[in-house]
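Colleague: Pasting a structure here, questions to come.
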Amino acid sequence: MDIIKLIAVIFGATGFWKLIEIVLKIRTDKKLKKAETSNLYAQANSQIVENWVGWSQKLEKRVAELEGNNTKMRLTITKQRIRIGELEKHVTNLEKCNKELKNKLELL
C-alpha cells in the first residue's frame, strides 16, 4: 500500500506542477495576445496619422497652387477690366464720330 500511496503522491505532485505550468502558460499567452493587440492598434493609429499627414501636405500644396493660379487670374481680370474700359472709351469716341458724320451727311 505504501508504494501505491507513494505513486499517488508522485503523480499528484507532478499533476499539481503541471497544473501550475498550464495556468502560467495561459496567463503568459493572454499577456502576449494583449500585447500583440496593443501593438496592432498602435500600428494602425500610426498608419492613420501618416496617411492624414500625407493627405494634409498634399492638400496644402494644392491650395498653394490654386492660390498662385488665383493671383494670376486676378491679375488677368484686372488687365481685362482696364482694357475693357479703354475699349468702351474708344467705342464712345467712335459713336460720337459716327454721330457727327451722320449729322454732316444729313446737312449735305
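Colleague: Quick check on segment 32-51. Is at least one of its residues of a type in the set (A, V, I, L, M, F, W, C) and either in contact with a Cys (Cβ under 6 Å, 6 or more places away or on another chain) or open to solvent by 100 Å² or more (accessible area, probe 1.4 Å) (or both)?
Modeller: Yes; the residues of segment 32-51 include at least one that is of a type in the set (A, V, I, L, M, F, W, C) and either in contact with a Cys (Cβ under 6 Å, 6 or more places away or on another chain) or open to solvent by 100 Å² or more (accessible area, probe 1.4 Å) (or both).
Colleague: If you check 23, 9, which single one turns out to be part of a helix (DSSP H, G or I) and open to solvent by less than 90 Å² (accessible area, probe 1.4 Å)?
Modeller: Step by step, each of 23, 9 is checked, and only 23 is part of a helix (DSSP H, G or I) and open to solvent by less than 90 Å² (accessible area, probe 1.4 Å).
Colleague: Among 100, 106, which is the only one that is out of contact with any Asp or Glu (no Cβ under 6 Å at 6 or more places or on another chain), among the acidic types (Asp, Glu) and surrounded by 10 or more Cβ atoms within 10 Å (Cβ to Cβ)?
Modeller: 100
The values are calculated or read from the model by the stated rules, or taken from the named source; none is laboratory data. The structure displayed is predicted, hence computed values, not measured ones. A quick note on method: Cβ atoms are made from the backbone with ideal geometry, for glycine too, and the neighbour counts reach across all protein chains shown. Ligands, DNA and RNA are excluded from the accessible area calculation, which covers all protein heavy atoms including side chains. Shrake-Rupley method; radii C 1.70, N 1.55, O 1.52, S 1.80 Å.
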